[in-house]
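Asks: My questions will all concern the structure given below.
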Amino acid sequence: MVAATSQLKQSPTWSKAVCHTATEFGRTTLPILSGSIPEGLRGSLYRNGPARLERGGKRVGHWFDGDGAVLAVQFAQAGATATYRYVKTAFYETEEKAGKFLYGGYGMTPPGALWDKFRATKNAANTSVLALPDKLLALWEGGNPHVLDLQTLETIGIDDLSGLQENLPYSAHPKRDPKTGEIFNFGITYGKTGAIQVYRSDATGKVVQKGTIALDGLPIIHDFVMAGPYLLFFVPPVRMNPLYFLSRIKSYSDSLTWQPELGTQILVIDRNTLEVVCRSEAEAWYQWHFGNGYVNTDGDIVLDLVRYQTFDETNQFLKEVGNGHTQKAATGKLCQLRIDPRTGRILELTQVIDRGCEFPVVNPQETGQFSRNTYFSIHRPGIDPQQELFGAIGRFDYQTATLTVADLGENRYPMEPIYAPDRVHPEQGWIVTVVFDGNCDRSEVWVYNAARLEEPPVCRLGLPSIIPPGFHGTWQPA
């Protein structure tokens, strides 16, 4: 009986990274552990994620509530260097000084007495990054982005991008047109009903056009897709109960309810006018992330996404990740949709692979256009998805309909794969990821040849401290 109880309480290997309170470090030269840095890999990898899930002996309510920290890995001819810094938001600084949590977040209400419950919700700045010519934005979809120095990662302050109102949401999934440099993004605002605020920015990030699209109820939308001249939003059947949230009876996360009878709403937007082309409805499902979209030769929109059967299963699993133990399995499957842009009707829905995966990405030079390959995090074969995080990187080739997997081995956990185009040979590229190796309790940077993902990494670099698993990142060419 004692042995059984001990076994039940044993923490999974990945929890040593997730529950680790990160330590900052300044610019540090990274040792090469194996292989060599490719000659054409020149630029910077930026990654963001929750790096602190505990204060004063208390844990956050959800993995999404952790304080954001940004890692920068810069590849140059002389070698690779890395810098790691917390995003010093006003909320972070106040809680750091107090030594305890003071604010609510996605999955937690503000602690303290009744009058303390109505403090502002913390902008954790922990979800993604957007690299602009002269600054780096740390993104959190519930408010304005924070500006960081591209080299030092010093936090400079809040940025309204010359067009956002104070605290107006700016999502963590902007889409950049590789031909024009334009950046499209959105934010969800709540009133009596919800609305999508759609933004078009120039290459510097300055907002130059805005549109407002009314929604039914108060939904949650995390990502969207750009496909040629269109922007597409999929509104899942998840609605927020404002009474619970505004009264602070429940957190934002706990105020969300899955209502499958509403179905999934599809909005097709003209990216030039930011106006609705059409609306349609489909069966109920939930998605966090899209891969890419394009318009095919028949004029139909084709896109891929990771689809879940319900919101509750994936949200609960992510909540449990923040506690270091998971009991709820949440398996998202890569699917491809073909849509009529005149009506928004789904013409075809195909499940691409039958293995749990997430974080689909493509070559950034192909955003909004046809992309042959989609890369993603994927489960290793034979593991229990209820207990394990992703331990492999996958590539699906839509031309040959083949799946290629880079299996990192037992107790190794890669973050979202980032595609870095080769500077010398733009027709090829590299997959760069940050890996926690639970066999030796350290974090590393791994580089794969994107075309030969099944082969061992071409380079492994050592990081000076453990980097807790993050959500999203980006590549900025030199």
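The values are calculated or read from the model by the stated rules, or taken from the named source; none is laboratory data. Model, not experiment: these values are computed from the prediction. Cβ placement follows ideal geometry from the backbone for every residue including glycine, while neighbour counts extend to all protein chains displayed. What goes into the accessible areas is simple: the full protein's heavy atoms, side chains included, and nothing from ligands, DNA or RNA. Shrake-Rupley method; radii C 1.70, N 1.55, O 1.52, S 1.80 Å.
Asks: So how long is each side of region 283-379 along the principal axes, counting just the alpha-carbon atoms, biggest first, in Å?
Replies: 47, 30, 19
Asks: Right, next: If I model a spin label as a point 7 Å beyond the Cα along the Cα-Cβ vector, how far apart are those points for Lys100 and Phe118 in nm?
Replies: 2.1 nm
Asks: Under 29 Å between alpha carbons, and skipping anything fewer than 8 positions from Lys210 in its own chain: which lysines qualify?
Replies: Result set, ordered by chain and number: Lys88, Lys122, Lys135, Lys175, Lys179, Lys192.
Asks: Using helices alone, what [θ] at 222 nm do you get for the chain, with -39,500 (n - 2.57) per DSSP H run of 4 or more residues, divided over all residues and rounded to the nearest 500? Don't skip to the answer; put the middle values down first.
Replies: Details: 5 runs with 37 residues, N = 478.
It lands at -2000 deg cm²/dmol.
Asks: Still on this model: Over region 24-136, calculate the relative contact order: mean separation of alpha carbon pairs under 8 Å at least 6 apart, over the residue count, as a percent. Mind dumping the intermediate values first?
Replies: Working: 203 pairs, mean separation 31.7, N = 113.
Averaging sequence separation for qualifying contacts and normalising by length gives 28 percent for region 24-136.
Asks: Can you compute the modelled spin-label distance between Asn167 and Ala195, with each label point 7 Å from Cα toward Cβ, in nm?
Replies: According to this spin-label approximation, the distance is 1.7 nm.
Asks: Within the set of other residues whose C-beta is less than 15 Å from the C-beta of Gln476, count the net charge using Lys and Arg as +1 and Asp and Glu as -1. Walk me through the numbers before you get to the answer.
Replies: On the way: positive: Arg42, Arg47, Lys135, Arg176, Arg423; negative: Asp134, Asp149, Asp422.
My count for the surroundings of Gln476 gives +2.
Asks: Count charges around Gln77 for me, please; just the other residues with Cβ under 12 Å from its Cβ, Lys/Arg as +1, Asp/Glu as -1. Could the numbers behind the result be given before it?
Replies: Working: positive: Arg42, Arg423; negative: Glu39.
It works out to a net charge of +1.
Asks: At 1.4 Å probe size, what's the solvent-accessible area of Arg248? Round to the nearest 10 Å².
Replies: Counting only protein heavy atoms, Arg248 exposes about 40 Å² to solvent.
Asks: Compute the signed sum of charges (Lys and Arg +1, Asp and Glu -1) over the other residues within less than 13 Å, Cβ to Cβ, of Glu182.
Replies: Values: positive: Lys175, Arg176, Lys179, Arg200, Lys206, Arg271; negative: Asp177, Asp202.
Residues near Glu182 contribute +4 overall.
Asks: Output the relative contact order of the chain, whole-number percent, from Cα pairs under 8 angstrom with separation of 6+ residues. Display every interim value, and only then the final one.
Replies: Details: 1296 pairs, mean separation 77.0, N = 478.
Relative contact order for the chain comes out at 16 percent.
Asks: Just name one of Val306, Gly104, Leu139: the one whose Cα is farthest towards the positive end of the charge dipole of the chain (beta-carbon charges, Lys/Arg +1, Asp/Glu -1).
Replies: The one lying farthest along the dipole's positive direction is Gly104.
Asks: With no solvent and one point per C-alpha, what does the Debye sum give as log10 I(q)/I(0) for region 302-461 at q = 0.18 Å⁻¹?
Replies: Reported log10 I(q)/I(0), two decimals: -1.18.
Asks: Right, next: In square nanometres, what is one fourth of the surface area of the convex hull spanned by the alpha carbons of region 267-306? Before the final figure, lay out each step's value.
Replies: Details: hull surface 14.9 nm².
Dividing the Cα hull surface by four gives the mean projection, 3.7 nm².
Asks: Related question: Select from Gly211, Phe25, Phe186 the residue farthest towards the positive end of the dipole of the chain; place +1 on Cβ of Lys and Arg, -1 on Cβ of Asp and Glu, and compute about the Cα centre.
Replies: My answer, from the dipole projection, is Phe25.
Asks: Residue by residue, what Karplus-based ³J(HN,Hα) values in Hz, rounded to whole numbers, does region 343-353 have, using 6.51, -1.76 and 1.60 with θ = phi - 60° and x for Gly and Pro?
Replies: Karplus-based 3J(HN,Hα) across region 343-353 equals 10, x, 6, 6, 8, 7, 10, 10, 7, 7, 9 Hz.
Asks: Relative contact order for region 73-143: what is it in percent, counting Cα pairs under 8 Å that are at least 6 residues apart?
Replies: Values: 76 pairs, mean separation 14.1, N = 71.
In percent, rounded to a whole number, it is 20.
Asks: For region 47-96, just say rounded, prolate or oblate: build the C-alpha gyration tensor, square-root its eigenvalues into a ≥ b ≥ c, call rounded for a/c under 1.5, and beyond that prolate if a/b exceeds b/c, oblate if not.
Replies: prolate
Asks: A follow-up question, please. Please report the orientation-averaged projected area of the chain, defined via the convex hull of its C-alpha atoms, in nm².
Replies: Working: hull surface 89.6 nm².
Answer in nm², one decimal: 22.4.
Asks: Quick one: check the C-alpha center-to-center distance for region 259-308 versus region 139-200, whole angstrom.
Replies: Rounded to whole Å, the Cα centres lie 21 Å apart.
Asks: Something else: Taking Cα centroids, how far is region 368-393 from region 411-453 in Å?
Replies: 13 Å
Asks: Is the C-alpha gyration tensor of region 390-467 telling us rounded, prolate or oblate? Criteria: a/c under 1.5 is rounded; beyond that, a/b larger than b/c is prolate, otherwise oblate. It would help to have the intermediate numbers written out before the result.
Replies: Numbers: a/c = 2.64, a/b = 1.48, b/c = 1.79.
It comes out oblate by the Cα gyration axes.
Asks: Taking only the alpha carbons of region 338-412, what extent do you get along each of the three principal axes, in Å, biggest first?
Replies: So the three principal-axis extents are 47, 27, 20 Å.
Asks: Specify whether the C-alpha gyration tensor of region 1-124 places it in the rounded, prolate or oblate class, a ≥ b ≥ c being the square roots of the eigenvalues: rounded for a/c under 1.5, otherwise prolate if a/b is larger than b/c and oblate if not. List each step's numbers first, then the result.
Replies: Working: a/c = 3.14, a/b = 1.44, b/c = 2.19.
Oblate shape, in that a/c is at least 1.5 and b/c is the bigger or equal ratio.
Asks: Can you tell me what the convex hull of the Cα atoms of region 214-264 projects to on average, as an area in nm²?
Replies: Over every viewing direction, the Cα hull of region 214-264 projects on average to 4.2 nm².
Asks: Give me the 1.4 Å probe accessible area per residue for the chain, excluding ligands and nucleic acids, in Å². The partial results should precede the final answer.
Replies: Details: 19240 Å² over 478 residues.
Accessible area per residue: 40 Å².
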